[in-house]
1. VAL91 - would you say it is over 14 Å from GLU31 (Cβ atoms), of a type in the set (A, V, I, L, M, F, W, C) and open to solvent by 90 Å² or more (accessible area, probe 1.4 Å)?
2. Given the options HIS119, HIS104, name the one that is within 16 Å of PHE30 (Cβ to Cβ) and not basic (Lys, Arg).
3. Which condition number does ARG65 fail, the rest of (1) open to solvent by less than 50 Å² (accessible area, probe 1.4 Å); (2) in a helix (DSSP H, G or I) being met?
4. I'm checking my understanding of the structure. Among residues of segment 1-53 that are among the acidic types (Asp, Glu) and part of a loop (DSSP other than H, G, I, E, B), which one is least open to solvent (accessible area, probe 1.4 Å)?
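The values are calculated or read from the model by the stated rules, or taken from the named source; none is laboratory data. It should be emphasised that the depicted structure is a prediction, and the values quoted were computed from it without experimental measurement. So basically every Cβ, Gly included, is an ideal-geometry build from the backbone, and we count neighbours across all protein chains shown. SASA here: full protein model, heavy atoms, side chains in, ligands and nucleic acids out. Shrake-Rupley method; radii C 1.70, N 1.55, O 1.52, S 1.80 Å.
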Amino acid sequence: MWRGQVDMWRRIDREIDVQLAGAGLSRAEFELLGPLSEGPEEGIRPKELGGIVGWDTSRVAHLLRRMEKRGLIERYDCDGDGRGTVVRVTVVGRQLMKDAAAGHLTLVRRLFVDQLTDHEVEVLTRISRRIRHEIDPTKPR
C-alpha cells in the first residue's frame with residue numbers, strides 16, 4: 001500500500017510538472033502564485049507566504065528573487081515597517097497563474113478525482129485529515 005501510494009504520487013507529480021512547464025511555470029512558482037493570487041490586494045509578507053506553503057524563509061526568498069526577475073511578482077516596502085516588504089503578483093504573474101490553473105485543475109481531476117467514487121473521496125478526505133493532524137496537531141481533523 002505504501003509503495004503504491006509513493007509511486008502514484010511520484011507519477012502524478014511528474015505529470016503536473018510537465019503540465020505546469022508547458023504553461024510557463026515551475027511547480028514552486030505555481031505554489032507561491034496560488035496564495036498570492038488569492039490573497040489580499042496589498043500583498044503578503046514573505047514570511048507569511050512561507051508559512052502558507054510550508055517552506056523555510058530562505059527557500060521562499062530565493063524563489064521570490066527569481067520570480068521578481070521574471071516579472072511574476074513585485075516587492076514593496078511594508079507600510080508602517082521600514083524593514084519589511086510585501087509581495088504582490090503582477091499582471092503577468094496573474095495571467096500565467098490563470099492559464100496554468102485551468103490546465104492543472106483539468107489534469108488533477110482526470111488523473112485523480114475522476115478515478116474515485118464519491119464514497120472513496122469521503123474516506124480519503126477523512127484519512128488525509130487524520131494523517132495531516134498527526135503530522136501537525138494545529139491542523140483540524
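1. So VAL91 passes the test.
2. Details: HIS119 fails: within 16 Å of PHE30 (Cβ to Cβ).
Testing whether each residue is within 16 Å of PHE30 (Cβ to Cβ) and not basic (Lys, Arg) leaves just HIS104.
3. Exception for ARG65: condition (1).
4. Checking each candidate, the answer is GLU42.
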